């Protein structure tokens, strides 16, 4: 009887023991990663949704660390230090595994499963283990994929800014301002007024861009937002192409005609630099419908990654290029023999050309972004 009871006990415990060992073995075999995120980050929400929808949390052992916790934020910077990532290139969401890291929602969504399965990720990475692994390698690996460093290559940013800078309505506003100030105060006052006006447009567009960028990153974005940005660029290009072929039909990619009397009224009251500065801020609002399309495309791409430190200098570069023609015209008027009347005559005679250049740039940007949004 005792032998039978012992046999029965072993028969019951053996499957339980085997099952426990199997579960333990499977848990140990799961590849491990450390995931840093923020509760208020829409890009982090997209990554979390992707992990949940695809069972990533079940297939892999992922340690989640919220950067709102000071200790977690400190740990995140220690990871970045181990990889040698510059402060301006840091951000979140970011996931570390083995001696690899992926920064940004799209790099994580597109590459996490593929890359974690190609490395030894049997234990959770630490800054110390990463430093050791990188030191043992003969050649340093890539710190980040090209897309994770910046969602907008600098040449594309410069092209978008150029398309904005060549907009006919922005040039028309400056020419009207200079003509008004020259008539009332001479060239020197017009020089200071033109520079003050350019600074006002630069600073107001920079602040509007930064505010819009922050708003986009706070709210959740559609899954195919990158595709939407590409389509927007193409539509802006086609709208400008319409002005090349059928200028003035249906609509124009310039300041709406109904707004122009009010805008001209503001400019004609300017008699000096202080007035030009205030007019620049006011007129910036009138320029939004005709000179904000490329800017929106740029902001849409920048907002795909939460990285304010890198975004600010990019916005500065963009807006410097945007106001560069205004500064050039102002200086040409003061130092050269350029006449305001000739400038306005040239602008009117080349409206279609200016729209054609903008159309070409925006169609190129749209097709480029459409290709890389796949």
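For the range 27-149, what is the convex hull volume of its Cα atoms per residue in Å³?
Working: hull volume 13.1 nm³, N = 123.
In the range 27-149, the Cα convex hull volume per residue is 106 Å³.
Given a cut-off of under 8 Å on Cα pairs at least six residues apart, what relative contact order in percent is computed for the range 27-149? Provide the component values of the computation, followed by the final result.
Values: 170 pairs, mean separation 40.3, N = 123.
In percent, rounded to a whole number, it is 33.
Would you list 58, 243 from fewest to most Cβ contacts within 10 Å? Provide the component values of the computation, followed by the final result.
Working: 58 11, 243 22.
Lowest count first: 58, 243.
Where does each of 234-242, 159-167 land if you order them by average Cβ count within 10 Å, highest first?
Numbers: 234-242: 19.0, 159-167: 23.8.
Highest to lowest by the protection proxy: 159-167, 234-242.
Readers should treat all values here as calculations from the given coordinates under stated rules, not as data from a laboratory. Quick caveat, the model's predicted, so the values are computed rather than measured. Because the Cβ atoms are built from the backbone with ideal geometry, glycine has one as well, and the counts that use them run over all protein chains shown.
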